[in-house]
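Asks: Below: one structure in structure tokens.
The values are calculated or read from the model by the stated rules, or taken from the named source; none is laboratory data. Just so it is clear, the model here is predicted, and its values are computed rather than measured. No Cβ is skipped: glycine too gets one built from the backbone with ideal geometry, and neighbour counts run over all protein chains shown.
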Amino acid sequence: MCGIVGAVAERNVVQILLEGLKRLEYRGYDSAGVALINNDALSVVRRIGKVQALADAIDDNNGKGTTGIAHTRWATHGGVTEANAHPHASEGRFAVVHNGIIENHKPLREMLKAKGYTFNSDTDTETIAHSIALIMQTTDDLLSAVQQAVKTFEGAYGTVVMDKTTPNKLVVARSGSPLVIGLGIGENFLASDQMALLPVTRRFIFLEEGDVAEITRTSVTIIDSTGEKVEREIVESNVEHDAGDKAGYRHYMLKEIYEQPHVLRNALKGRITADGLEDGIFGQSSNENADDIFAKTKYVKIIACGTSYHAGVTAKYWLEQYANVQCDVEIASEFRYRKSFVPANSLLVTISQSGETADTLAALKLAKESGYMSSLSICNVDGSSLVRESAISFLTRAGAEIGVASTKAFTTQLAALLMLTLAIGKHNNMSEETNLSICNALVTLPAKLEETLSLASEIEDLAEEFSDKHHSLFLGRGDQYPIAMEGALKLKEISYIHAEAYASGELKHGPLALIDADMPVIVVAPNNELLEKLKSNVEEVRARGGIMYVFADQEAEFESDETMRVVQVPHTYESVAPIVYTIPLQLLSYYVALIKGTDVDQPRNLAKSVTVE
Ligand code: G6P
């Protein structure tokens, strides 16, 4: 989704801004732009398409400036056009970039038009630029103008403003869209994601909700939502600088698929052994002790979006089967707008790769006001809004994930949720046998994933048969049903083939009507107690002329024939089978997308981090 980079320095900042935008490309966008102040002159360059198109349009005339802002836009209000791309300017003097949505942009637009401002775009963002210009008629202080302006905005914003008449200054405001200030030596930076600034600094200040800040080359002044000047903690980032490199892989997605054994080892390190879970592994930012909370927990509510939601659905099976605790899972955008009941001793669990998903953050905020005993976030980004706003947090340690289609973030979330199952189960009569079996399963999981990755060439071969298909059906049962959902999501995200997932017991209630030779049916078949039921479902498909691709346990006795192609998956513990079976489905979608020639890492219309509603 939209990305922001800003810099105020003594040197020309254009390359810093372009490099920052390139490092944010993974978030998904459709146009890009940059505004620079050079000797009191303001230049704005914008292009639709890739950041490279913007870089190609920059030359000696328009590419110089010691203060600048840059943006990648993911269209919400107004189509994908150069006129709608950011930065937006007013009076040829002020330039603005913005992430989020100004929901009351229509009345603001009318008011500003009545005051004589001309709009050059269909965006909500342009109202910010003209609002600042209007207020600056009565003050010469940009910081105070931004403070006044944001009081008139409804909705979400992370915004940066500059004024060519005060060239060594950026003013920023955050409400609902993250912003981070990067501290340099004699120069300072700003971005919507620290990743953009890693080549220039590792020292960051994460702005909080309602903060407005003024950034110059040598100072950072932050005013909080109450109007008080505040000091915020400086955080030294430990995110890998080279996380932006493909390390020889053709795509980030493939690199991230192959990284899974390694990141799973990291995720488990110091947290679990074959003998049990280590103590105190669920960190907290409040005074609450996580283990005390787990001991009291009678109900778990999981909230998430997208792939993270599928991790949550899998965890429901685990928490109810192994930890003997009731659990419900809900999509954040649904939860935040409906009345729901909160049983006594309820624990809220949010799951998010980025920790910045607008709907998940809003759901957390709502839940905190509605009587949940405590909140736990399972998240991949330390210092993210979700981590900071939850009472307890557990980092998945997947490392930076660049591919829009989530892979390693998902499998590490699942490992985290299995550890949570152990932590809660310990207080709910989980047998020692179950505890040890899950611990063993997790400890041996990275090696099992390595073995499973060796199926890649077989799956690549199988993917050939998909490239001309328009629809597909994914089937699973029990805790493999959410894995089928995730497999279908991966395929549609990156190959644009319509894919639906069904709990295979539901086949005869509708989807069987779709079965023919043009509708491949992908079946996830581990060797568990539902195997015989699943085999009956497979026969139902076969009897109707369906073509199946079955990912089956080596011991499940499935054999390839003219209607069924079987890929044998290494035998594994039942508890971690959902994690193991995720791998072949990731590889399948990757190789299908490769054959179809789609933009694997930045699929059309999608964003990595969805920071607007
Ligand atoms: C976007 C991404 C998905 C991700 C979802 C939730 O849709 O493209 O890959 O699963 O957001 O993101 P989160 O960061 O909250 O896990």
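Asks: Assess whether residue 300 counts as being at pLDDT 95 or above, farther than 19 Å from residue 319 by Cβ, of a type in the set (A, V, I, L, M) and surrounded by 13 or more Cβ atoms within 10 Å (Cβ to Cβ).
Replies: no
Asks: Then there's this: Considering the stretch 319-344 alone, what residues qualify as being away from the ligand (no atom under 16 Å from the Cβ), surrounded by fewer than 24 Cβ atoms within 10 Å (Cβ to Cβ) and at pLDDT 95 or above?
Replies: Once the filter is applied, which keeps residues that are away from the ligand (no atom under 16 Å from the Cβ), surrounded by fewer than 24 Cβ atoms within 10 Å (Cβ to Cβ) and at pLDDT 95 or above, the stretch 319-344 yields 320, 321, 322, 324, 325, 326, 327, 328.
Asks: Sticking with this structure for a sec: Considering only residues that are under 24 Å from residue 39 (Cα atoms), assigned to a loop (DSSP other than H, G, I, E, B) and out of contact with any Lys or Arg (no Cβ under 8 Å at 6 or more places or on another chain), which ones fall in the stretch 139-165?
Replies: Once the filter is applied, which keeps residues that are under 24 Å from residue 39 (Cα atoms), assigned to a loop (DSSP other than H, G, I, E, B) and out of contact with any Lys or Arg (no Cβ under 8 Å at 6 or more places or on another chain), the stretch 139-165 yields 139, 140, 141.
Asks: Right, next: Yes or no: the stretch 216-226 includes at least one residue that is in contact with a Ser or Thr (Cβ under 8 Å, 6 or more places away or on another chain) and not hydroxyl-bearing (Ser, Thr, Tyr).
Replies: no
Asks: Against the condition buried (at least 24 other Cβ atoms within 10 Å of the Cβ) and either out of contact with any helix residue (DSSP H, G or I) (no Cβ under 6 Å at 6 or more places or on another chain) or hydroxyl-bearing (Ser, Thr, Tyr) (or both), how does residue 496 come out, does it pass?
Replies: no
Asks: Specify the residue that is nearest to residue 7 (Cα to Cα); the eligible residues are those in the stretch 74-107 that are surrounded by fewer than 21 Cβ atoms within 10 Å (Cβ to Cβ) and over 31 Å from the mean Cα position of the chain (by Cα).
Replies: Only one residue fits best here, namely 93.
Asks: Taking the stretch 377-389, which residues are of a type in the set (Gly, Ala, Ser), within 12 Å of the ligand (Cβ to nearest atom) and part of a loop (DSSP other than H, G, I, E, B)?
Replies: Across the stretch 377-389, the qualifying residue is only 384.
Asks: Is it fair to say residue 463 is assigned to a helix (DSSP H, G or I), away from the ligand (no atom under 16 Å from the Cβ) and either of a type in the set (Asp, Glu) or under 24 Å from residue 602 (Cβ atoms) (or both)?
Replies: yes
Asks: For residues in the stretch 371-427 being among the charged types (D, E, K, R) and in contact with a strand residue (DSSP E or B) (Cβ under 9 Å, 6 or more places away or on another chain), which is modelled with the lowest pLDDT?
Replies: Going through the qualifying residues, I end up with 382.
Asks: List, please: which pairs have Cβ atoms under 9 Å, are six or more places apart or on different chains, and start with a residue in the stretch 403-418 that is farther than 15 Å from residue 269 by Cβ and in contact (Cβ under 8 Å) with a residue 40 or more places away in the chain and end with one that is within 8 Å of the ligand (Cβ to nearest atom) and among the β-branched types (Val, Ile, Thr)?
Replies: 405/307; 406/307; 407/307; 409/307; 410/307; 413/307; 413/351; 417/351
Asks: Quick one: how many residues across the stretch 363-374 are within 15 Å of the ligand (Cβ to nearest atom) and touching a helix residue (DSSP H, G or I) at 6+ places or on another chain (Cβ under 7 Å)?
Replies: 2
Asks: Let me ask another. How many of the residues in the stretch 400-447 are touching a helix residue (DSSP H, G or I) at 6+ places or on another chain (Cβ under 6 Å), small (Gly, Ala, Ser) and outside any helix (DSSP H, G or I)?
Replies: 4
Asks: Could you figure out which of (1) within 16 Å of the ligand (Cβ to nearest atom); (2) surrounded by 24 or more Cβ atoms within 10 Å (Cβ to Cβ) isn't true of residue 445?
Replies: The one condition residue 445 does not meet is (1).
Asks: Going by the conditions given, is residue 330 assigned to a loop (DSSP other than H, G, I, E, B) and of a type in the set (D, E, K, R)?
Replies: Here the answer is no, as residue 330 does not meet what is asked.
Asks: Here is a follow-up. Mind listing just one residue for me: the one in the stretch 345-362 that is assigned to a strand (DSSP E or B) and more than 8 Å from the ligand (Cβ to nearest atom) and, of those, nearest to residue 176 (Cα to Cα)?
Replies: Among those residues, the one meeting the criterion is 350.
Asks: Another question, then. Look at residue 581 and say whether it is within 16 Å of the ligand (Cβ to nearest atom), among the aromatic types (Phe, Trp, Tyr) and either part of a helix (DSSP H, G or I) or modelled with pLDDT under 85 (or both).
Replies: Here the answer is no, as residue 581 does not meet what is asked.
Asks: Another question about this same structure. Give the residue, chosen from 307, 314, that is more than 26 Å from residue 206 (Cβ to Cβ), at pLDDT 95 or above and out of contact with any Gly (no Cβ under 8 Å at 6 or more places or on another chain).
Replies: Among 307, 314, only 314 is more than 26 Å from residue 206 (Cβ to Cβ), at pLDDT 95 or above and out of contact with any Gly (no Cβ under 8 Å at 6 or more places or on another chain).
Asks: Further question: Starting from the stretch 294-321, take each residue that is more than 11 Å from residue 421 (Cα to Cα) and list its partners that are more than 10 Å from the ligand (Cβ to nearest atom) and aromatic (Phe, Trp, Tyr), counting only C-beta distances under 8 angstrom and pairs at least six apart or across chains.
Replies: 301/372; 303/335; 313/481
Asks: Please give the number of the condition residue 313 fails out of (1) more than 14 Å from the ligand (Cβ to nearest atom); (2) in contact with a helix residue (DSSP H, G or I) (Cβ under 6 Å, 6 or more places away or on another chain).
Replies: (1)
Asks: Regarding the stretch 539-560, can at least one residue be identified that is part of a loop (DSSP other than H, G, I, E, B) and within 16 Å of the ligand (Cβ to nearest atom)?
Replies: no
Asks: Could you grab me the full set of residues in the stretch 158-179 that are surrounded by fewer than 24 Cβ atoms within 10 Å (Cβ to Cβ) and over 11 Å from residue 68 (Cα atoms)?
Replies: 165, 166, 175, 176 - these are the residues of the stretch 158-179 that are surrounded by fewer than 24 Cβ atoms within 10 Å (Cβ to Cβ) and over 11 Å from residue 68 (Cα atoms).
Asks: Now for a separate question. Would you mind telling me which numbered condition in (1) within 16 Å of the ligand (Cβ to nearest atom); (2) within 25 Å of residue 239 (Cα to Cα) residue 392 fails?
Replies: Just one mismatch for residue 392, condition (1).
Asks: Quick one: is residue 256 touching a residue at least 60 places away in the same chain (Cβ under 8 Å) and under 19 Å from the mean Cα position of the chain (by Cα)?
Replies: yes
Asks: Give the stretch 348-377 a look and list any residue that's crowded, with 24+ Cβ neighbours inside 10 Å, in contact (Cβ under 8 Å) with a residue 60 or more places away in the chain and over 18 Å from residue 175 (Cα atoms), or say none.
Replies: Result: 349, 351, 353, 376.
Asks: Name the single residue, out of those in the stretch 585-613 being surrounded by fewer than 23 Cβ atoms within 10 Å (Cβ to Cβ) and more than 22 Å from residue 246 (Cβ to Cβ), that is nearest to the ligand (Cβ to nearest atom).
Replies: Among those that are surrounded by fewer than 23 Cβ atoms within 10 Å (Cβ to Cβ) and more than 22 Å from residue 246 (Cβ to Cβ), it is 610.
Asks: Can I ask one more? Within the stretch 459-477, which residues are in contact with a Lys or Arg (Cβ under 9 Å, 6 or more places away or on another chain) and of a type outside the set (S, T, N, Q)?
Replies: 462, 465, 466, 477
Asks: Does residue 482 qualify as being within 16 Å of the ligand (Cβ to nearest atom) and either in contact (Cβ under 8 Å) with a residue 40 or more places away in the chain or surrounded by fewer than 22 Cβ atoms within 10 Å (Cβ to Cβ) (or both)?
Replies: In short, yes.
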